[in-house]
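Structure record follows, encoded as structure tokens.
Every number in this text was worked out from the coordinates using simple rules, so none of it is lab data. Computed from a predicted model, the values in this text were never measured in an experiment. Note that we place each Cβ from the backbone using ideal geometry, even for glycine, and neighbour counts take in every protein chain shown.
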Amino acid sequence: MTTPLVLKELSKKEDLLTGGHRLCAGCGASIIVRQVLMAAEQPVIASNATGCLEVATTIYPYTAWKIPWIHSAFENAAATISGVESMYRALKKRGRIQRDIKFIAFGGDGGTYDIGLQSLSGAMERGHNILYVCYDNGAYMNTGIQRSSATPLGADTTTSPVGNVQPGKTQVRKDLTKIMIAHNVPYVAQASPSHWKDLMTKVKKALSIDGPSFLNIISPCNRGWRTATNNTIELCRLAVDTCYWPLYEAEDGIIKLNYTPKEKKPITEWLKPQGRFKHLFKPDNEALLKKVQEDVDKNWEAVLRLAKGQ
């Protein structure tokens, strides 16, 4: 049984990711990590895949983390935290550790959707008692804004550039949340830092469950998205209200929709503030813009059907 979220009480909790790190102003990853760690009720050990979050929070000899933290390679954050969790269970069985400890892996979409998918899938299948958190900013932002399989259709990146040959990325993004649901793990969810109570409630639920859990959280990147540094939360909110990023969860395979917009906004409201999509609004790209909306609508309808058990 998890304790309810009370904003006044949360404001008194220690911030386990300190200020002074080198992440960009307005970075979604730092907001996400602060919310995740604030929701934890037990001591936490974290592994962190190589990426923006890792590089900018631990510039030697400094660290912004106030918890035990392990830097993993791009591809093995899930494997690393699985090993730590296995050691913990062995030591607890021998009576050498008494207290309850929770284990979290953090990775961007490059280290989760792509390079780290094999270790993530393995950890989920083996049933380790861990939470994997993906902060999804839709590209390999740390190494030069290259496209990943999480990059949306039509986005302009350094490896899916806009030009005479192609209008940005020509493939639709991978739906990793549904892939994780297909692993038949106890808990999987999508969340957004704009809806902090929903996000933190999901973290509490994930950490209270015995077994593996996965959270996919949208994470704006003003460098890669080419947006202002002060509209991170607004972009997250628009992603939810346009149904680009539905908020839902799957507990033991049963899917529940957590939020339905009062008025479903057109995807153009989320695309327009982002420089990576500015080419979509040129007359010769009307068909691609229409397809982006159709894909969002199709995915939203699929989520609604799943939530209704159809």
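Here LYS204 is the anchor, and the lysines within straight C-alpha reach of less than 25 Å, apart from those fewer than 8 places off in the same chain, are LYS8, LYS12, LYS13, LYS66, LYS92, LYS93, LYS102, LYS178, LYS256, LYS308. Remark: spin-label model distance GLU251-ASP210 equals 1.7 nm, labels positioned 7 Å along the Cα→Cβ axis.
What the phi angles of region 52-65 give under the Karplus curve with 6.51, -1.76 and 1.60, with θ = phi - 60°, is a coupling list of 3, 4, 5, 4, 7, 9, 9, 6, 3, x, 9, 9, 8, 8 Hz, glycine and proline written as x.
Once backbone amide H atoms are built at 1.01 Å from N, ASP136 has ILE217, ILE218, SER219 as its partners under 5 Å, excluding neighbours fewer than 5 places away on the same chain. Packing, taken as the mean count of other beta carbons within 10 Å per residue, orders the peptides 280-293, 21-34, 48-61 from highest to lowest as 21-34, 48-61, 280-293.
Within straight-line reach of LYS205, meaning a Cα separation under 17 Å, sit the following aspartates and glutamates at least 8 residues removed in sequence or on another chain: GLU41, ASP100, GLU249, GLU251, ASP252. Label zone of LEU5 (point 7 Å out along Cα→Cβ, amide N under 12 Å): in region 168-197 this covers 191-197. A Förster radius of 22 Å combined with the Cβ-Cβ distance from GLU14 to ARG126 puts the calculated FRET efficiency at roughly 0.10. What spacing in nm lies between the two simple spin-label points modelled at LYS298 and ILE97, each 7 Å away from Cα in the Cβ direction? If labels sit at LYS298 and ILE97, their model points lie 4.5 nm apart. Under the criterion of Cα pairs below 8 Å and six or more residues apart, the relative contact order for the chain equals 16 percent.
Adding -39500 (n - 2.57) for every DSSP H run of four residues or longer, then dividing by how many residues the chain holds, sets the calculated 222 nm ellipticity at -10000 deg cm²/dmol.
Using a simple spin-label model with pseudo-atoms 7 Å out from Cα toward Cβ, LYS264 and ALA182 lie 2.4 nm apart. DSSP beta bridges confined to the chain are antiparallel in about 30 percent of cases. A cut-off of 5 Å between modelled amide H atoms, ignoring neighbours fewer than 5 places along the same chain, links PHE214 with TYR132, TYR187, VAL188, ALA189.
Our coupling estimate for region 244-254, obtained by passing each phi through the Karplus curve with A = 6.51, B = -1.76, C = 1.60 and θ = phi - 60°, is 5, 10, x, 9, 8, 9, 10, 10, 6, x, 8 Hz, Gly and Pro reported as x.
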